[in-house]
Amino acid sequence: MRPCAGACLTARSTEAAMNFALLLAYDGSAFRGWQKQPGLSTVQGALEEILGHTVQGASRTDAGVAAEGQVASFRSASAPEFPALRFPEGLRLLRWAEAHPSFHARASAIGKRYRYRMSSFVPRGDWERARTALRGLLGLPELSGLASPSKLHRPAPPLSSWSLDDEGILLVEARAFRKHQIRNLAGHLGAVALGYASPESLRELAARHRPWMGATAPAHGLTLVEVFYPPEMDPFP
């Protein structure tokens, strides 16, 4: 029998490790975003310091963006003492579960829901004008014109659902969102609600095949509400 190479040992140890999922909430103002960055306080950095393992998140939220339903995953040879873990102020562990062996917080996701509080930069506006603009997105195969420049250049899927109430609370859901897409959408909806842009202009901008060059709404108005997974993979059904 041939001896197992180092790569083989690594693969076997990975397969043997338990897979865990975390449901998290955090105050965006307490962190410089999700992604770990040297010398900065980030959600991923805090979790990896606490758990001692590499942690993957469903969404790489920007600095200032809050979460009510962020999902993270990591592998460990044994189950941590979750109730005994101490998290920094502004970060809460809502639930934890042992996940499907193939579960990955980001790669397994099939959709996300976000909320944007338009009153964070538009105290009063004509929200019916903004709703008319949103209805104009119906039928577009992608919304890449709403995304900011990115190295990945991936298309932005259309919205699967949206709502905008008379208090200016915007809810959007899609299979995936690209860089600053929701904040760019909110920024232009604010211009429409204030009468600075026509409702029809949103569709024209969204259909373009070049990156967003318009207004971007502030990060502190945005919250990640929920991440969706296939039923057989969902760690928090």
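The values are calculated or read from the model by the stated rules, or taken from the named source; none is laboratory data. Remember, predicted model here, so these are calculated numbers, not experimental data. Every residue, glycine among them, receives a Cβ derived from its backbone with ideal geometry; neighbour counts consider all protein chains shown.
Considering only residues that are assigned to a strand (DSSP E or B) and crowded, with 18+ Cβ neighbours inside 10 Å, look in the stretch 57-73 and name the one that is farthest from the chain's Cα centre (by Cα). Even if it seems obvious, please write down each step before you answer.
First, pick out the residues of the stretch 57-73 that are assigned to a strand (DSSP E or B): 57, 66-73.
After this cut, where a residue has to be crowded, with 18+ Cβ neighbours inside 10 Å as well, the list is 57, 66-67, 69-73.
Values: GLY57: 9, ALA66: 10, ALA67: 8, GLY69: 9, GLN70: 7, VAL71: 9, ALA72: 11, SER73: 14 Å.
Ranking the candidates gives SER73 first.
Which pairs have Cβ atoms under 9 Å, sit 6 or more apart or on different chains, and link a residue in the stretch 217-237 that is over 16 Å from ARG175 (Cβ atoms) and outside the structural domain of TRP162 (by TED's automatic domain parsing) to one that is aromatic (Phe, Trp, Tyr) and in a loop (DSSP other than H, G, I, E, B)?
As it stands, the answer is PRO235/PHE103; PRO235/TYR229; PHE236/TYR229; PRO237/TYR229, since those pairs meet every condition given.
Here's a check for you: in the stretch 76-91, which residue that is among the small types (Gly, Ala, Ser) and over 18 Å from MET18 (Cα atoms) is surrounded by the fewest Cβ atoms within 10 Å (Cβ to Cβ)?
Out of the qualifying residues, it is ALA84.
Give me the residue from the stretch 120-148 that is outside any loop (DSSP other than H, G, I, E, B) and among the hydrophobic types (A, V, I, L, M, F, W, C) and, out of that set, surrounded by the most Cβ atoms within 10 Å (Cβ to Cβ).
So in the stretch 120-148, the residues outside any loop (DSSP other than H, G, I, E, B) come out as 120, 127-135, 144-146.
Still in the running and among the hydrophobic types (A, V, I, L, M, F, W, C): 127, 130, 133-134, 146.
Working: TRP127: 20, ALA130: 25, ALA133: 25, LEU134: 20, LEU146: 29.
The extreme case among them is LEU146.
Give the residue, chosen from ARG95, ARG117, that is more than 19 Å from ALA17 (Cα to Cα), buried (at least 16 other Cβ atoms within 10 Å of the Cβ) and not small (Gly, Ala, Ser).
Exactly one of ARG95, ARG117 is more than 19 Å from ALA17 (Cα to Cα), buried (at least 16 other Cβ atoms within 10 Å of the Cβ) and not small (Gly, Ala, Ser), namely ARG117.
Which residues, counting only those in the stretch 159-214, are charged (D, E, K, R) and either within 21 Å of ALA66 (Cβ to Cβ) or under 20 Å from the mean Cα position of the chain (by Cα) (or both)?
ASP165, GLU167, GLU173, ARG175, ARG178, LYS179, ARG183
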